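Each reported figure results from applying straightforward, stated rules to the coordinates on display, with no laboratory input. Please read all numbers here as calculations on a predicted model, not as lab measurements. So basically every Cβ, Gly included, is an ideal-geometry build from the backbone, and we count neighbours across all protein chains shown.
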Amino acid sequence: MRATCFFLLLALGVHAAVQSDLVKYDSKGRLAYTKNSQGDRIMDYSSVGYRGGQALPDPSVIPTKVTLNPSGGDDTATIQAALNKVAALPLDSNGFRGAVYLRPGTFHISTLTLSASGVILRGAGLDSSRGTTIQTKSDVMPIQIYGSTKAQLGTKKYFLTKTNVPFGGNTLPMQSTAGLKVGDSVYIYSTITAKFIHLLGMDQMVRDGEAQRWITAGQTVTTDRVIVAVTNNSITLDAGFPDSIRPELFDSDKDLPYVVTYTWDRLQNVGVENLRAIHPATTESNTDGFIDIDKAYNCWVRSLFLQDYGTGGKARLASDELRVRTVVTTQGDSKMITIQGLDIRYTYTDNKIAAPPQILSMLGTQILHRDSNITGGGKFWPMSSGSPRARGPTVHYNVNINAGSGAQAVPHMRWSTGILYDNIVNPQGSVAISYRGIMGSGHGWTMGWGVIWNCEAATLCAQNPSNMYNSSTPVLYHNWLVGGKGKNIPGYQSTELIGTYDHVGTMVSPDSLYIAQVKNKK
């Protein structure tokens with residue numbers, strides 16, 4: 001029997017020697033998940049990216065409609081006019097209008113906006129002599145993929161039952177499902193409560209004599225999903241719910257989560273691909289990003305060479321919300337986005353910005369970032385997330401970082417959930433999910449339900465969010481550190497290892513959690 005299992009595992013392309021204790025292959029070669037004493041388990045990440053986990057469309061299926069040559073001057077108006085021309089064409093049966101193709105050479109631009117579904121901006125490739133290069137200006141966001149409409153919400157609230165729902169599943173118990181059906185797009189509304197904030201000690205942060213605000217009690221968090229099954233007393237979602245539900249942490253019965261249907265002709269099938277982009281200033285204090293995505297789904301960015309872009313800082317919106325803009329950013333109303341094949345380069349070895357700049361900031365849900373290289377630079381956050389608008393599943397997979405010890409693959413601040421760091425190689429820096437306390441304006445606990453899987457770094461760290469002021473409080477929220485190569489350290493403001501660990505220091509099977517889960521659902 002052991003020999004049979006061994007050869008079965010070899011046939012599946014997995015290592016038989018050391019399997020993870022948390023996600024492992026059963027005797028039939030299917031993935032099995034180990035739950036903790038409260039029923040929580042690692043979630044399924046296979047629904048991330050374009051069309052909920054599908055491969056990106058081959059460029060050959062999206063015909064070129066306009067071809068442009070560089071003018072030698074400012075090409076912004078010419079390219080934008082071409083994008084607008086394609087935007088006016090009808091959608092084909094695959095949901096595309098066509099591509100604007102930039103021939104080899106150097107184009108000079110300020111800001112381009114893609115705001116119609118089915119439009120692609122495509123270059124001739126990344127070769128410095130035969131490809132397409134975009135030379136951008138300072139103090140602009142060069143590429144904007146922005147939808148212009150908003151979700152139209154249904155009028156009825158469908159409340160969940162008042163019961164504990166462990167993390168890791170995609171089925172929610174309902175008081176009533178009358179009126180809900182398969183295919184409905186829904187928001188699940190949850191409330192950040194004072195009891196939850198107090199449990200994690202986030203109401204006790206003081207800096208220079210002033211209380212620091214983590215997340216405001218009463219703030220509503222939304223999770224964007226599609227219903228794939230309905231029973232008399234539950235709904236099943238197309239992706240895992242990115243948190244646990246704990247009625248003991250409600251401030252009152254008014255905090256019971258509820259579901260609202262919505263309709264939305266959201267921007268989709270937009271892509272930017274096969275381009276080189278060069279920032280004009282090779283300065284350590286550059287704060288310009290390159291691409292910003294919002295109110296969009298089923299979109300992508302692939303095969304980009306990006307040189308000397310920093311963090312795009314923050315732009316204040318009319319709603320007084322701060323919009324974070326990084327080198328590549330997906331905002332909170334982004335869904336099913338694939339970021340693939342980035343080659344991010346820095347011609348300097350350090351930066352002069354007070355806080356480490358963020359390179360990628362993945363807000364929204366079902367976001368996939370894969371197969372990237374980040375080279376050079378100094379102190380920065382290669383892969384980040386900040387705020388409860390980062391609602392997993394989100395995946396960073398197969399990323400190689402060749403930079404200094406200041407390169408930290410970490411979440412940034414304020415409770416993102418359900419993010420996977422899978423096969424990240426950062427040999428001089430760190431891969432960590434950690435507490436940041438009073439840093440910034442009170443970043444506090446940065447993430448719950450995150451996973452670091454088979455990563456390689458100088459240091460690895462996962463801290464379980466818990467009340468650091470009362471060690472007797474049970475751990476209700478987890479971050480997992482599984483396998484990998486590197487020194488497992490306690491992390492910021494802790495002297496003891498306080499994460500949830502599995503075979504740290506040894507590469508485990510499956511080699512990649514994300515890839516194994518994609519194969520498992522076929």
_Which entries of Lys162/Lys335; Lys137/Lys295; Lys379/Lys487; Lys195/Lys522; Lys157/Lys295 have Cα-Cα distances beyond 30 Å here?_
Lys195/Lys522
*Order by neighbour count: Ser466, Ser128, fewest other Cβ atoms within 10 Å first, most last.*
Ser128, Ser466
*How long is the chain along each principal axis, judged by its Cα atoms, biggest number first, in Å?*
67, 64, 53
*Distance from a point 7 Å along Cα→Cβ of Gln135 to each backbone N in the stretch 98-121: keep the residues under 13 Å and list them by number.*
105-110
*Label-point separation (nm) for Tyr492 and Lys157, each offset 7 Å from Cα along Cα-to-Cβ?*
3.5
*Between Thr161 and residues 5 or more places away or on another chain, which pairs have amide H atoms under 5 Å apart, with H built 1.01 Å from N, and which residues are they?*
Met174, Gln175
_Gyration tensor (alpha-carbon) shape descriptor, the stretch 197-239, a/c threshold 1.5_ = prolate
*Mean residue ellipticity at 222 nm from the helices of the chain, using -39,500 (n - 2.57) per DSSP H segment of n ≥ 4 over the full residue count, to the nearest 500 deg cm²/dmol?*
-2000 deg cm²/dmol
*In nanometres, what is the gap between the two model label sites at Thr64 and Asp511, each 7 Å from Cα along Cα-to-Cβ?*
3.6
*Taking 0.36 nm per intervening residue step and subtracting the Cα-Cα distance, what contour gain separates Asp92 from Ala229 on full extension?*
46.3 nm
*Would you please put 209-217, 477-485, 78-86 in order of how densely packed they are, using the mean number of other Cβ atoms within 10 angstrom per residue and starting with the highest?*
477-485, 78-86, 209-217
*Using θ = phi - 60° and the Karplus form 6.51 cos²θ - 1.76 cosθ + 1.60, what ³J(HN,Hα) does each residue of the stretch 27-33 get, whole Hz, x for Gly and Pro?*
5, 9, x, 9, 6, 10, 10
*If you find the alpha carbon centre of the stretch 218-265 and of the stretch 445-476, how far apart are they in angstrom?*
25
*When the dipole is taken about the Cα centre of the stretch 152-263, and only Lys, Arg (+1) and Asp, Glu (-1) are charged at their Cβ, what size is it in debye, to the nearest 20?*
300
*Share of antiparallel DSSP beta bridges in the chain, in percent to the nearest 5?*
25
*With 10 Å bins from zero, work out the P(r) of the stretch 152-263 over every alpha carbon pair and list the percent per bin.*
14, 43, 28, 11, 4, 0
_Degrees, to the nearest 10: 2-11 long Cα axis against longest axis of the chain_ = 20
_Sort Phe159, Phe96 by Cβ crowding within 10 Å, fewest neighbours at the top._
Phe159, Phe96
*Cα centroid separation, the stretch 25-40 to the stretch 346-423 (Å)*: 29
*Arrange the peptides 241-249, 269-277 so that the one whose residues have, on average, the most other Cβ atoms within 10 Å appears first.*
269-277, 241-249
